[in-house]
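Read the structure below first, then the notes.
The values are calculated or read from the model by the stated rules, or taken from the named source; none is laboratory data. Computed from a prediction, not measured in an experiment: that's the story for all the values here. We place every Cβ from the backbone using ideal geometry, glycine too, and count neighbours over all the protein chains shown. In case anyone asks, the SASA skips ligands and DNA or RNA and just uses the protein heavy atoms, side chains included. Shrake-Rupley method; radii C 1.70, N 1.55, O 1.52, S 1.80 Å.
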Amino acid sequence: MIKAMRSPGRLGMGAARDHVASFAAVATVVTLGAAFSLSTSTQFLMPGPLSSVHGAIKECSACHTKSGTGKLKWLQGLLPRTHRADSEACLSCHNISKTSAFNAHGARADMLQKSSERLAPLAVTSPAPQAARAQDVAFPVNKLVETGLACATCHQEHQGTNFNVAGMTNEQCRSCHLIKFDSFAGTHPRFESYPFRRRTRIVYDHTAHFDKHFPEVAKKEPTRRIPATCASCHQSSDDKKVMTVMPFEQTCAGCHLDQITGKERVNGPKGIAFLSLPGLDLSTLQAKGAAIGEWPADSDAPFTPFMKVMLSASPKGRDLVKSVENINLQDLSSATATQIASVASLAREIKSLLYALITTKPATVLAGAKPDADRISDLIAALPRDVAIAAQRQWLPNLAAEMKNGPGARLPEETAVSADPAATHIEQAAAKTQTPERSRPDDPKNPPEEEDAPEDAKEKATAPRGNPQTCLVRMLGQCVISKGPSGGKSPTADQSESDASESRPKKPKRTSSANKLPAAMRAGLGDVPPTAQAATQSSRERPTGTQMDELLNPTQEEQREINAHRKGNRPREAPSAALVGEQASRRGGTTSSSPAPLDDIETSLDAESWAERGGWYRQDYTIFYRPTGHKDRFIASWLLLTAPQAQTRSVNPSASVFNALTGKDAQGACTKCHSIDVAPGKGVTVHFAPISSADKHGRFTRFIHDPHLSQPGDRGCFTCHELAKDRPYLKSYEQPDPLKFVAAFDPVKKDTCQGCHSAGKAREDCLLCHAYHIDGVATRIRDTKLPVR
């Protein structure tokens, strides 16, 4: 009875609520409809204010591209659709690669695949917390990750001006990762070989230096600077991301600079053999009728790899270098006719190369190497031309004639040896083809012109023959004090000469042969070199009254010396351009060995010792380059030029240069400290600098040293970096793969970090050590057209 009485009342109350709810719903719809239809904009639809970084955006359509500007368009944007369009709108301001922007972390697909393969076995052994399992069931994100993550997946807007739109919670990170953990101090995985992903670019064995080298140096040379702390060599970079190595001059130069310049080199030349006349089996070549022309018989120099690169500038030279690769040039007794012909062609090509070094630009000689314009100067332009000229004068004095007339040709007698020590055979031969031949004194059909005769010869020709006078003192080619037949001084000699000169018509002043020299060869030698003065003195012994060219007409005594020099009978060679080239080279910081002049100064200092501070010098039949010190641009440029060709491991000229400069005993010892890596698809790389901040791009983990430097106790850096003993650290550099190595330090342990980064102490959130966008995000500069004036 009671139940029956209560039922109608209960039904009435429910009906009343239904009526109220229906009325509220209708009122809401009517109100929203009125607001929607009567409003002039869509601002009332915004769910909340934007963050401060996006607060300047006024139009919703700037980010919500499907919403448009009208209210009906906004309704259309509520329909089911992809979020890719809105995310692409983000890329209009934020600079991220479109090919990987919607991948997790903005990483390439292959990087994510490798990371998943590495973490999958670890996930099996790391059970996920209960909260992570529930999250994975309620909000699965696997399919979302496969189709591409929208920007709004992690970056939520309309949360207010103080909201950090770039911030992410640990739960957000955990929702996608295979390995799920509750905190860093909890089930976060332990570190794997952190931070040593690859071997260091600078080869430095800390254990050997601490235990052996530093104590030995301190014992032998107490005054030499030895690092006392890690800070003696390491310092934090400007961006605080990398612990860099201080410059070579402040760290390693005290012990290793002499090794680079060759002072501590015991065996072999201290310089790099650059250009040579290689030793040839001349007797066999002559017996088999191979005409190579002039060639020194006592040369045992090697065929340098640098010459192979330069000769390979043309297809012919490339084939020629390849054909003689396996031939012993100094023993051709068993060589075939084809090999003999190749060696003969090689000799002619080497002569052409030397000729080109003297007469053309370096860019022409290095055409086959194809270096850029800036690198040419480092490869060869630093070679003084005078060094090449001096070498040619000693090695191949008839090179110009052979280039013009073929092997075995000789220069004419009048141009064989010049009294002018700065003029080369090549320059003289070239000059003869450009200027008409001057009058010869014994040619009655072509008498000399009076103005071509030397002034002293004119004076002797016009002086009375019955009253000869001897000049005691001459200044600038004029007799100041003379002696008559009786042996007394003639006080009227100068006056008579002066009167005679005034009575003759004045003629244009002629330029002496010394002043015709190139400026580089006259530098520091004065107007008239000593050897040129000697030549002038010899010219006065010639018959007077006829025109004589001092350069083309040597005296009888000079001719005897020339002939003796050609036959190899003279113990010392005649004055030549080599001496002047050597003097000019030394003034410019380079050296070259040269034939001793007639009045040479004896010295025990050889050319290699003269180039103690580096540069070019010549010994025997080879031109050497000695490293000038650390960061020698000659060696570095050749390594950078030839490294791409060295990756093929084939026998080619570029690989020969690379191997010669990177060998265990190579001059400069570059690869003693700078590692060589071979990466698939990237070729060979010589690392001339340690890791930089740019090399840190593409990494998920980041660490900044500066906040941690004040925390360790007495152990300092060894708190985290424990030095490992008895490890084959250096052995790992004998193979080319940089990822296969043995680190000199033990990996950093998670327990070390956990001592501070735990609940109630230092932060332990994911973004403290891990970056989401591995390559960073930059705000794009808008395209702004310059104003038209």
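Could you count how many residues in region 327-354 are more than 22 Å from ILE272 (Cα to Cα), assigned to a loop (DSSP other than H, G, I, E, B) and not aliphatic (A, V, I, L, M)? Counting residues in region 327-354 that are more than 22 Å from ILE272 (Cα to Cα), assigned to a loop (DSSP other than H, G, I, E, B) and not aliphatic (A, V, I, L, M) gives 4. Sort out which residues of region 628-683 are modelled with pLDDT of 90 or more, touching a Ser or Thr at 6+ places or on another chain (Cβ under 6 Å) and among the hydroxyl-bearing types (Ser, Thr, Tyr), and write them in order of number. Selection gives THR662, THR671. Limited to region 684-704, what total is found for residues that are out of contact with any His (no Cβ under 9 Å at 6 or more places or on another chain) and modelled with pLDDT of 85 or more? Count: 4.
Residue by residue, here is whether (1) open to solvent by 30 Å² or more (accessible area, probe 1.4 Å); (2) small (Gly, Ala, Ser); (3) closer than 16 Å to GLY148 by Cβ holds:
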residue	(1), (2), (3)
ASP86	no, no, yes
CYS93	yes, no, no
THR99	yes, no, yes
GLN113	yes, no, yes
ARG118	yes, no, no
PRO127	yes, no, no
ALA131	yes, yes, no
ASP136	yes, no, no
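Tell me, which residue of region 126-150 that is assigned to a helix (DSSP H, G or I) and among the aliphatic types (A, V, I, L, M) is nearest to HIS773 (Cα to Cα)? Among them, the one singled out is VAL145. Looking at this structure, is PHE181 at pLDDT below 90, farther than 29 Å from GLY629 by Cβ, in contact with a helix residue (DSSP H, G or I) (Cβ under 9 Å, 6 or more places away or on another chain) and not hydroxyl-bearing (Ser, Thr, Tyr)? When the stated conditions are applied, PHE181 passes them. Listed by first and then second residue, the pairs linking a residue in region 605-627 that is more than 20 Å from PRO296 (Cβ to Cβ) and assigned to a strand (DSSP E or B) to a residue that is open to solvent by 30 Å² or more (accessible area, probe 1.4 Å) and at pLDDT 90 or above, with Cβ atoms under 7 Å apart and 6 or more places separating them unless they lie on different chains, are GLY615/THR628; ARG626/LYS270. Scan region 665-686 for residues that are open to solvent by 50 Å² or more (accessible area, probe 1.4 Å), part of a loop (DSSP other than H, G, I, E, B) and over 18 Å from PRO627 (Cα atoms) and the total you get is 3.
Open to solvent by less than 90 Å² (accessible area, probe 1.4 Å), within 25 Å of THR701 (Cα to Cα) and part of a loop (DSSP other than H, G, I, E, B): does that describe ALA123? Judged against the criteria, ALA123 is not a match. The residues in region 210-238 that are under 25 Å from the mean Cα position of the chain (by Cα) and part of a loop (DSSP other than H, G, I, E, B) can be counted, and the count is 3. When region 239-251 is limited to residues that are in a loop (DSSP other than H, G, I, E, B) and in contact (Cβ under 8 Å) with a residue 40 or more places away in the chain, the one that is surrounded by the most Cβ atoms within 10 Å (Cβ to Cβ) turns out to be VAL242. Among the residues of region 719-740, the ones that are open to solvent by less than 70 Å² (accessible area, probe 1.4 Å) and not in a loop (DSSP other than H, G, I, E, B) come to 4 in all. Is there a residue being farther than 27 Å from GLY615 by Cβ and open to solvent by 50 Å² or more (accessible area, probe 1.4 Å) anywhere in region 650-664? Yes: one or more hits. Put simply, of ARG782, ARG727, ARG789 the only residue that is over 32 Å from the mean Cα position of the chain (by Cα) and at pLDDT 85 or above is ARG727.
Contact annotation: residue pairs with Cβ atoms under 6 Å, 6 or more positions apart or on different chains, pairing a residue in region 387-402 that is within 16 Å of ASP620 (Cβ to Cβ) and touching a residue at least 12 places away in the same chain (Cβ under 8 Å) with a partner that is polar (S, T, N, Q) and open to solvent by less than 10 Å² (accessible area, probe 1.4 Å), are VAL387/SER585; VAL387/SER592; ALA390/SER592. For region 368-382, the condition holds for at least one residue, the condition being that it is small (Gly, Ala, Ser) and within 22 Å of VAL651 (Cα to Cα).
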